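Okay, structure first, notes after.
The values are calculated or read from the model by the stated rules, or taken from the named source; none is laboratory data. What you see is a predicted model, and the numbers here were worked out from it, not measured in a lab. Cβ sites come from the backbone with ideal geometry, for glycine too, and all protein chains shown count toward neighbours. Surface accessibility is based on the protein's heavy atoms, side chains included, excluding ligands, DNA and RNA. Shrake-Rupley method; radii C 1.70, N 1.55, O 1.52, S 1.80 Å.
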Amino acid sequence: MRRVFKLSLISIVLFNVFSVQNTAMAASAPMISTWEVDNRSTLNNERVISKSSYKISAIYPSNVINAQGAGFPGYRGPGQMVVYKQNFGRTTGTNEFGKEAVVENGKVVKLTGANSLIPKNGYVISGHGSAKKWITNNLKIGTNIIIDEENKTIIAYTTPESFRFSAKEKIKEAEEFFDNAKKMQENPGEKKAKYYIKKAKQDLRKSNRANDNMAVSYAKSSIEMSKIAINYSLPYIENELKGTWIRPTEKNIYEVRRTLDSMQAIGINSIFLETYFHGYTIFPSKTMRSYNFTEQNPIFAGFDPLRAYVTEAHARNMKVHVWFESFYVGNKHPNNDPNSILSIKPEWGNKNKANAAKQGYVTHPVEHNGYFLDPANPEIHNFLVLIVKEIISNYGVDGINLDYIRYPSAQKATSAGYEASNWGYTSYAREEFKKLYGVDPINIKYKDDMWYKWNEYRQNKITIYLSKMRKAARNKAVLSAVVFPDYKTALETKQQNWIKWTNGDYLDAITPLILTADDALFEIMLKEIKTKISSGTTVYPGLFVGFMEGETEDLLKQINVSRSLKSSGVILFDWAHLDNKYKDALKFCVFTSTCK
C-alpha cells in the first residue's frame, strides 16, 4: 500500500477553487465550518437548492490508513467512501461495483463507474454499497464539493450556477461529439443534431438572464437539448457486431421470443448467452452426466434454453455465442449439491498460497466468495473441452466466448499480501512443478528466481487449455476470450497472457472488459490493447456503462471511440443492466438503420 500521511485543515474554503490538494488558504476567503454549510440557505451569494454530506472512510494519500480496504481493488473496501488524490496514481484502480465522481476545482465534472483517471487539479470520490447510493443520489455534473478532512466528511451542495455549469459542459460535449463522429462517417442525423445544439445554447442564454427558479428550468432544458443532439450525432453502421452478454432466466420458448424481440428492436445482432456458469450447464448435458455431475442447472429443468435461443435467434438473423465460465464454479457451497463438480471432484478445487494447507474448499473473498478450478490440471481441461464439443456438435452455435480463462485474482505485487494471495497451490500443480524444477512452489518467495518460473508455469497452463479449445472450435465456431485490458495487471494478478494468445493464432477475437464509464480512460485502454495485439485479431470491447449506471452519453461516447479505433463492434454488459434509457439511446440512431 502506498505511503499515507495526515493532513488537518482548521477550516474549509467555500469557493469553487477549493481542492483537497490545496493547503494554502487565501486570506480573504470566508471560513465556514461543516455545521454552517449544513445550515445555510445561501452560499457564494447563491441560493442553495440541495445539500448533503457523507462520512469518508479513507483518503489516499492522506490521513487514514484503510485496513478494511486491504486486498480490494483500489484499496476500497465494502461499503466504503474513498477519496483519491492525484499522487495516488494515474487511476483509482477500483472495480466495477462502485460509483465515482471526478472533481476539479471544487465541482463534479464527470461521473464514472470505476478505475477513473485522477485529475491533476482535483480528486476522485469513490463509493461502494451505501456510499455508491449516496453518490448516485446526490452528485451530478456541476455539484459543488467540499472535503472536510479534519472531520472526514464530504459536503455536496447545488446552486443555480451548478445547473448552468452542467448545461455549458453538456453543450461542449455535444459539439465535440458531433465533430468527432462527423469525421468518421456520413451522418443522416446531422441537421437534427445541429438544431438541438442551437436550442441548447438558446436555453442556456435564457438561464443566464433568469431568476433562480427559471434559471434552473432553462438550464435543465439546455441539458436535455444537448443530450438529444448527441443521440442524433452517432449514425448506424451496418457491418459491425452489436452484442450483449446475457444470463438466461427464461423458462419457456415464449419468454425467449419476447427477450429476443426486445433485443432485435434496439438493433442487437449478436447475443453472448451464458451457457456454462457456476459449474452448471443450462442445457441437459451428456458430458456432465458422464462425470456424475448435475446434468443441467435445476432452474431450467424440463426446458432447454440453449436450443430455444439458437433456434429463435437464427430465425431473426442474430448470432449466438456461448458465454462460457471456464474455471469459475460459483459461490454456492459444494456440499449443497452432492453432484456438483467440487463435491464429486474436490481435488479439482484451486487454492491460494495462504490456504494451501487448508483441508476442504477455498473461497475467494474478493471474487464473490466464489470457488475456482485448477487451470493446471489436464483432467479439467479435457472435461471443459468435452462440454464445448458437445455444444458445437448439437446446437450449431456461432461462437464460443471463454470467460474466467485465468487464475483467481491476486493482489498487486506492490501489496504486502501479494505472495500469499496468489493461486494455483494445488497438489497436482505443486507435484508437477517439483518434478520439473526440483522445488515445491509453496517454498518459493516473491522475487526469487524461481518465482518467474512459477508464473510462467501457470501462464502456460492457461495457454495449453486455450489451445485445446482452439482445436475443438476451429472452422466450426468463432473462438473469443474475455481479457482484462491492463496487460501488466492481467499477467501479474491473473496469469492471463493475452498478448501471447493474440499473436499466436490461439483465438479469433478478444472481448476486453473495459471497466469504466470514463470515455477518456476507455480510449487510453483500448489504444493500449490495439498496440499489443496482432492485426489479425478482432476486438469487440465490452462496455460496462449500463452495469455502472453511467449516463447514456457515456455509452454513446464509448461506441464512438470504439469505432474511431477501428474495432469491429461492441458488446454490452449486460442485458439485465441495460435500462430503458440505454435502449432508447441505442435505437435512436446508432444501433438501428433509421433515426427517429
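Annotations
- Set Glu96, Glu169: member being open to solvent by 10 Å² or more (accessible area, probe 1.4 Å), within 20 Å of Asn208 (Cα to Cα) and touching a Gly at 6+ places or on another chain (Cβ under 8 Å): Glu169
- Scanning region 331-353 for residues that are touching a residue at least 60 places away in the same chain (Cβ under 8 Å) and in a loop (DSSP other than H, G, I, E, B) gives Ser340, Asn350, Lys351.
- Single unsatisfied condition, Gly129 versus (1) surrounded by fewer than 21 Cβ atoms within 10 Å (Cβ to Cβ); (2) under 27 Å from Leu556 (Cβ atoms): (2)
- Yes/no for Met318 being of a type outside the set (Ser, Thr, Tyr), in contact with a Ser or Thr (Cβ under 8 Å, 6 or more places away or on another chain), within 22 Å of Lys583 (Cβ to Cβ) and at pLDDT 95 or above: yes
- Looking at region 413-512, the helices (runs of 4 or more DSSP H) lying wholly inside it that each contain 3 or more residues that are among the aliphatic types (A, V, I, L, M) and modelled with pLDDT of 95 or more sit at 449-473.
- Here Ile230 clears all of (1) over 30 Å from Glu176 (Cβ atoms); (2) β-branched (Val, Ile, Thr); (3) open to solvent by less than 30 Å² (accessible area, probe 1.4 Å); (4) assigned to a helix (DSSP H, G or I) except the condition numbered (1).
- Residue tally, condition more than 17 Å from the chain's Cα centre (by Cα) and either among the polar types (S, T, N, Q) or open to solvent by less than 10 Å² (accessible area, probe 1.4 Å) (or both), over region 103-117: 4
- Single residue of region 364-405 satisfying the filter (at positive phi and within 19 Å of the chain's Cα centre (by Cα)) that is surrounded by the most Cβ atoms within 10 Å (Cβ to Cβ): Tyr404
- The numbered conditions (1) open to solvent by 40 Å² or more (accessible area, probe 1.4 Å); (2) assigned to a helix (DSSP H, G or I); (3) in contact with a strand residue (DSSP E or B) (Cβ under 6 Å, 6 or more places away or on another chain) are all true for Asn87 except (3).
- Annotation note: of Lys566, Lys527, the sole residue that is outside any helix (DSSP H, G or I) and open to solvent by 10 Å² or more (accessible area, probe 1.4 Å) is Lys566.
- Qualifying residue in region 300-313 (condition: farther than 23 Å from Gly542 by Cβ, touching a residue at least 60 places away in the same chain (Cβ under 8 Å) and out of contact with any Ser or Thr (no Cβ under 7 Å at 6 or more places or on another chain)): yes
- Criterion (of a type outside the set (A, V, I, L, M), closer than 18 Å to Ser567 by Cα and open to solvent by 10 Å² or more (accessible area, probe 1.4 Å)) met by exactly one of Asn455, Asn475, Asn460, Asn503: Asn503
- Of the residues Ile514, Ile571, Ile510, the single one that is within 28 Å of Phe372 (Cβ to Cβ), more than 13 Å from the chain's Cα centre (by Cα) and hydrophobic (A, V, I, L, M, F, W, C) is Ile510.
- Condition met for Lys358 (assigned to a loop (DSSP other than H, G, I, E, B), open to solvent by 20 Å² or more (accessible area, probe 1.4 Å), modelled with pLDDT under 95 and within 28 Å of Asp486 (Cβ to Cβ)): no
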